[in-house]
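Engineer: This is the structure I have questions about; it appears just below.
The values are calculated or read from the model by the stated rules, or taken from the named source; none is laboratory data. For clarity, every value in this text was computed on a predicted model and none was experimentally measured. Quick reminder, even Gly has a Cβ in these numbers, built from the backbone with ideal geometry, and neighbours come from all protein chains shown. Protein only, heavy atoms only, side chains kept; ligands, DNA and RNA dropped before computing areas. Shrake-Rupley method; radii C 1.70, N 1.55, O 1.52, S 1.80 Å.
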Amino acid sequence: MRILVVEDDPNLRRQLVDALRADGYAVDQAADGEEAEYLGEVEPYDAIVLDLGLPIKDGVSVLKHWRAGGLKVPVLILTARDQWSEKVAGFDAGADDYLTKPFQMEELQARIKALIRRAAGHASPIIECGAVRVDTGAATVSVNGQPVNLTGHEYKLLSYLIHHANTIVSRTELTEHIYDQDFDRDSNTIEVFVGRLRKKLGVDVIKTVRGLGYRMEPERESA
Ligand code: CA
């Protein structure tokens, strides 16, 4: 999962980026409304944290522009204290959630997780596909009730696939959603990670769809 953090305060921006990276997300950042608007349009994010008070172009205008262009990504806005009218303007512009500054980072992390799973159509933090169970709250994985230890990269990959189970996910899409902007992307490494992930899971839930990518689906009963 890949997140855009838009915040002009460099300290808060760094804290947000660090906290979200620690949660296993690929994170890009922008410090003004113009850069944010551009990144939101050209990069495929799974969620966006958007401060409303921004230089060059304010957050509400940026959000309106994205929504007018059909961008559906969940957006959590950050608003100044006691500015209830800002929250209303933010929701009217298409925000999905908000936090008022100052906020607890843990609350932001929890809200982002919830936004991402709801956007993928999952109401519960536990997402299952056949024998595989991912607890997106605790970032843990089990197969048939047995815990499986995954590296950060393997977890990112599995998390994206299971959020989008039963649909075809191309290598390009995977690459775009598990690496940030600055990462030296090579879609061949995806195949290596998928191979390792299959071996660790030990069940046949990640299918290769020739020429198109991968599809995660429950294993079929063998005849
Ligand atoms: Ca600000």
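Engineer: How big is the charge dipole of region 2-119 about its Cα centre, in debye rounded to the nearest 20, if each Lys and Arg gets +1 on its Cβ and each Asp and Glu gets -1 on its Cβ? Kindly include the intermediate steps, with their values, before the conclusion.
Structural biologist: Details: 15 positive and 22 negative charges, 89 e Å.
Around 420 debye, computed over region 2-119.
Engineer: Related question: For residue 15 and residue 119, what is the calculated FRET efficiency with R₀ set at 22 Å and r taken between the beta-carbons, to the nearest 0.05?
Structural biologist: Working: r = 24 Å, r/R0 = 1.09.
Step by step, r from the Cβ atoms, then E = 0.40.
Engineer: Stretched out fully, how many nm does the piece from residue 105 to residue 56 gain, at 0.36 nm a residue minus the Cα gap? Don't skip to the end; give the middle numbers.
Structural biologist: On the way: separation 49, 0.36 × 49 = 17.64 nm, distance 2.63 nm.
Gain on extension, residue 105 to residue 56, equals 15.0 nm.
Engineer: Could you tell me what percent of the accessible area of region 126-216 is made up of carbon and sulfur, with a 1.4 Å probe and every protein chain present? Provide the component values of the computation, followed by the final result.
Structural biologist: Values: 2060 of 4550 Å².
Of all accessible area on region 126-216, carbon and sulfur atoms account for 45 percent.
Engineer: Within the chain, what is the number of lysine pairs with alpha carbons under 21 Å apart, leaving out pairs fewer than eight places apart on the same chain?
Structural biologist: 15
Engineer: Over region 126-223, what relative contact order in percent results from Cα pairs under 8 Å that are six or more residues apart? Before the final figure, lay out the partial values.
Structural biologist: Numbers: 133 pairs, mean separation 29.4, N = 98.
Computed value for region 126-223: 30 percent relative contact order.
Engineer: May I pose another question? Explain nothing, just the number: relative contact order of the chain, from Cα pairs under 8 Å at least 6 residues apart, as a whole percent. Don't jump to the answer; show the numbers that get you there.
Structural biologist: Details: 375 pairs, mean separation 38.0, N = 223.
The normalised contact order for the chain reaches 17 percent.
Engineer: Quick one: P(r) of region 1-104 from all Cα-Cα pairs, 10 Å bins, percents rounded to integers, in order of increasing distance.
Structural biologist: 16, 55, 28, 1
Engineer: What is the angle, in °, between the Cα long axis of helix 10-22 and the longest principal axis of the Cα atoms in the chain? Nearest 10 is fine, range 0 to 90.
Structural biologist: The helix 10-22 is inclined about 10 degrees to the chain.
Engineer: Ignoring ligands, DNA and RNA, what accessible area per residue does the chain give at 1.4 Å, in Å²? List each step's numbers first, then the result.
Structural biologist: Values: 11010 Å² over 223 residues.
With all protein chains present, the chain gives 49 Å² per residue.
Engineer: When a/c is below 1.5 the answer is rounded, else prolate if a/b is larger than b/c, else oblate, so apply that to the chain with a ≥ b ≥ c taken from the square roots of the Cα gyration tensor eigenvalues. Let's see the in-between values first.
Structural biologist: Working: a/c = 2.15, a/b = 1.89, b/c = 1.14.
Judged from the Cα gyration tensor, the chain comes out prolate (a/c at least 1.5, a/b above b/c).
Engineer: Which whole-number percentage describes the relative contact order of region 2-119, with Cα contacts under 8 Å and a sequence gap of 6 or more?
Structural biologist: Numbers: 194 pairs, mean separation 28.0, N = 118.
Reported as a whole number, the value is 24 percent.
Engineer: With a/c under 1.5 counting as rounded, go ahead and sort region 1-62 into rounded, prolate or oblate using the C-alpha gyration tensor (a ≥ b ≥ c being the square roots of the eigenvalues; past the cut-off, prolate if a/b is larger than b/c, else oblate). Kindly include the intermediate steps, with their values, before the conclusion.
Structural biologist: Working: a/c = 2.44, a/b = 1.31, b/c = 1.86.
Oblate, because a/c is 1.5 or more while a/b does not exceed b/c.
Engineer: Given the Cα-Cα distance of residue 143 and residue 175 and 0.36 nm per residue of separation, how much length would full extension add, in nm? Mind showing how you got there, number by number?
Structural biologist: Details: separation 32, 0.36 × 32 = 11.52 nm, distance 2.48 nm.
Length difference between fully extended and current span is 9.0 nm.
Engineer: Report, in deg cm²/dmol and to the nearest 500, the calculated mean residue ellipticity at 222 nm for the chain, where each DSSP H run with n ≥ 4 adds -39500 (n - 2.57) and the sum is divided by the residue count.
Structural biologist: Working: 8 runs with 93 residues, N = 223.
My calculation for the chain gives -13000 deg cm²/dmol from helical runs alone.
Engineer: While we're on this one: Suppose every K and R has +1 on its Cβ and every D and E has -1 on its Cβ; what is the size of the dipole of region 126-216 about the Cα centre, in Debye to the nearest 20?
Structural biologist: Numbers: 11 positive and 11 negative charges, 89 e Å.
Around 420 debye, computed over region 126-216.
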